1. Which residues' amide hydrogens lie under 5 Å from the amide hydrogen of Phe152, considering only partners 5 or more residues apart or on another chain, with H built in the peptide plane?
2. For region 107-207, what is the convex hull volume of the alpha-carbon atoms per residue, in Å³?
3. Quick one: which residues, 5+ away or cross-chain, put their amide H under 5 Å from the amide H of Thr136? H built at 1.01 Å from N.
4. Stretched out fully, how many nm does the piece from Lys201 to Asn144 gain, at 0.36 nm a residue minus the Cα gap?
5. Given R₀ = 22 Å, what would the calculated FRET efficiency be for Ala48 paired with Tyr180, taking r from the Cβ atoms and rounding to 0.05?
6. Would you please put 49-59, 84-94, 104-114 in order of how densely packed they are, using the mean number of other Cβ atoms within 10 angstrom per residue and starting with the highest?
7. Treating the beta-carbon of each Lys and Arg as +1 and of each Asp and Glu as -1, no other charges, what is the dipole magnitude of region 58-135 about its Cα centre, to the nearest 20 debye?
8. Given a Förster distance of 25 angstrom, what is the FRET efficiency for Glu35 paired with Lys78, based on the Cβ-Cβ distance and rounded to 0.05?
Amino acid sequence: MFKGFGFPIAMIAIGAAIWGLFFYSGAPSKSALPEDTPGPNLVIEVAASDGTPKGTLVIDLLPHVAPAHVERIVALAKSGAYDGVVFHRVIDEFMAQTGDVKFGKHGGDIGNAGRGASDMPDLKAEFSNIPFKLGTVGMARSNNPDSANSQFFIMFGPAKNLNGQYTVVGRLIDGLPTLYNIKLGDKAMNGLVSDPDYMAKVTVVDE
């Protein structure tokens, strides 16, 4: 959920056991997702590495919580920058990360996926008191709080130690089976995914 996967991009390679110890606090709940609120929704059509459709995720974006970050996501989605971007890091019972528009394009060399960003400037943190739990969508960053850019992650369950440390930009309101069906990564490799699923098409609706 941090940007980057190696040194010196401020990504400390933390093993699966440490992720579990410090970030995960309980199995993913099957409880109902939150209701939609006024404002834009992000619609993500997910596909397997061979192009087979796997379902749709609908995210209720929260411009009243993180206006600059939501503006960035909307701009990237409308430009088509998110289309074809892989879920490069997916950790069971924790989160699925995507959004590397530079190094994470399906069909290309994704060896550096997780280290890239858009051509736009990094964003200043917009932390809030919204908790990280099932369906929460947060912005990935390095150890610099003001380094979020294009990457984001979707939670499989609660992670209290992330609260107030990462910018929340939205909440999943539809597509829970699709979320759970995203291909998992190797825990021994910090969630790195081989032949990852990807965002075939990303659109913005209900602005």
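We did not get these values from a lab; they are worked out from the coordinates using the rules stated. It should be emphasised that the depicted structure is a prediction, and the values quoted were computed from it without experimental measurement. Cβ coordinates were reconstructed from backbone atoms using ideal geometry, including for glycine residues, and neighbour counts include every protein chain displayed.
1. Thr98, Gly99, Ala140
2. 145
3. It is Met155, Leu172, by chain and number.
4. Contour length minus Cα-Cα distance gives 17.5 nm.
5. 0.95
6. 84-94, 104-114, 49-59
7. With Lys and Arg at +1 and Asp and Glu at -1, about 100 debye.
8. With a Förster radius of 25 Å, E is 0.50.
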